[in-house]
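All remarks here apply to the structure that follows.
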Number of protein chains: 2
Amino acid sequence: MFSIRKATPADEEALWGILEPVIRAGETYDFPRDTDRASALHAWLAPVNECFVAHEGERVLGTYVLHANRNGGGAHVANCGYMTAADAQGRGVARALCAHSLDAARAAGFRAMQFNFVVASNHRAVALWHSMGFDTVGRVPEAFHHPVLGYTDALVMYRRL
Amino acid sequence: MFSIRKATPADEEALWGILEPVIRAGETYDFPRDTDRASALHAWLAPVNECFVAHEGERVLGTYVLHANRNGGGAHVANCGYMTAADAQGRGVARALCAHSLDAARAAGFRAMQFNFVVASNHRAVALWHSMGFDTVGRVPEAFHHPVLGYTDALVMYRRL
């Protein structure tokens, strides 16, 4: 069993261990594939983000960040990013992180959550977000250049909180 | 007649004269309505932006910024923001800026242009972008809190270059 807590600076090494293979693969996020550790952690742990980790004892299995998707008149909609450690796939970590993030966003007063850039070929993520109550509200043609599949669509997904 | 050129630091006062009423109204952009001059110019003239102005002699009539909408695998899609001076409406400034931006984006090697957050109640802008070849590829329910109309949808608009 794993639990979810706020990330601390002591998690940086573990976070980079999760982020690095996802960034190097370049199949699901728009980080440049050569992003270095400092830049990646700077982005993931930006002051505007609330960052959480799923952990089993001292082992970190996954992470998510939560922030407002927009400023001003758009600040009532949350946005999140999620990553699961390669060797923790299939254990429901991403689902648990998403469920946690919906509660955290509600608690922070957000009215809805929006994902701006779900790569359409990331079928597992798309199916998971649908099962978590998200609707596909937009589809941008060929918005992502997948290193294997070439140009693929990106989805905008949304749910109320 | 007006023409379009790159913005320079000498344009800051004129740019603020255009941005301030748009930001204070809070009806079309997600800047917080109390954004100060320094923060607004910092955002509009961010190093990642190419900034242009439409001008008639020394008078600045409008402005736009151009940048990549995403990084990494999404860096082939451009994004722009446009503003026209209140007393220069109805002269085709926004249309000319958009046409210029499409050429500038093509010249920079972008394959498409995407607008992430067109407030649906901004009918003039929506009609203009449609007439410039943009399709509505997404609609996010109540993503914008309009100071007069309340919660309104936001559109994702897109065209190839």
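To keep it simple, each residue is scored yes or no on (1) over 25 Å from B:D11 (Cα atoms); (2) acidic (D, E); (3) out of contact with any strand residue (DSSP E or B) (no Cβ under 8 Å at 6 or more places or on another chain).
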{"site": "B:G72", "(1), (2), (3)": "yes, no, yes"}
{"site": "B:G81", "(1), (2), (3)": "no, no, no"}
{"site": "B:G109", "(1), (2), (3)": "yes, no, yes"}
{"site": "B:Q114", "(1), (2), (3)": "yes, no, no"}
{"site": "B:A120", "(1), (2), (3)": "yes, no, no"}
{"site": "B:F144", "(1), (2), (3)": "yes, no, no"}
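Which one is farthest from A:P141 (Cα to Cα), of the residues in segment B:57-76 that are within 14 Å of chain A (Cβ to nearest Cβ) and touching a residue at least 40 places away in the same chain (Cβ under 8 Å)? Spell out the reasoning first.
From segment B:57-76, those within 14 Å of chain A (Cβ to nearest Cβ) are B:67-76; that's our starting set.
Next, only the ones that are touching a residue at least 40 places away in the same chain (Cβ under 8 Å) stay: B:68-69.
Working: B:A68: 16, B:N69: 14 Å.
Among residues in segment B:57-76 that are within 14 Å of chain A (Cβ to nearest Cβ) and touching a residue at least 40 places away in the same chain (Cβ under 8 Å), the one farthest from A:P141 (Cα to Cα) is B:A68.
Pairing residues of segment B:81-95 that are more than 12 Å from B:V22 (Cβ to Cβ) with residues that are outside any helix (DSSP H, G or I) and basic (K, R), at Cβ distances under 9 Å and at least 6 apart in sequence or on separate chains, gives B:A88/B:R59. When A:A54, A:A68, A:A38 are screened for being under 30 Å from B:V119 (Cβ atoms) and either of a type outside the set (D, E, K, R) or under 15 Å from the mean Cα position of the chain (by Cα) (or both), only A:A68 passes. Just one of the numbered conditions (1) within 11 Å of chain B (Cβ to nearest Cβ); (2) under 15 Å from the mean Cα position of the chain (by Cα) is not true of A:A127; which one? For A:A127, the failing item is (1).
For segment A:108-161, which residues satisfy the criterion of being β-branched (V, I, T), part of a strand (DSSP E or B) and in contact (Cβ under 8 Å) with a residue 60 or more places away in the chain?
Hit for segment A:108-161 is A:V119, nothing else.
Might you let me know whether segment A:85-107 holds any residue that is in a strand (DSSP E or B) and surrounded by fewer than 18 Cβ atoms within 10 Å (Cβ to Cβ)? Within segment A:85-107 (the criterion being in a strand (DSSP E or B) and surrounded by fewer than 18 Cβ atoms within 10 Å (Cβ to Cβ)), the answer is no, since none of the residues qualifies.
Taking into account only those residues within segment A:10-52 that are within 10 Å of another protein chain (Cβ to nearest Cβ) and aromatic (F, W, Y), which is surrounded by the most Cβ atoms within 10 Å (Cβ to Cβ)? My answer is A:Y29. Looking across segment B:77-88, just one residue is closer than 15 Å to B:A108 by Cβ and more than 14 Å from chain A (Cβ to nearest Cβ), and that is B:C80.
We did not get these values from a lab; they are worked out from the coordinates using the rules stated. Computed from a predicted model, the values in this text were never measured in an experiment. Backbone-built Cβ (ideal geometry, glycine too); neighbour counts: all protein chains shown.
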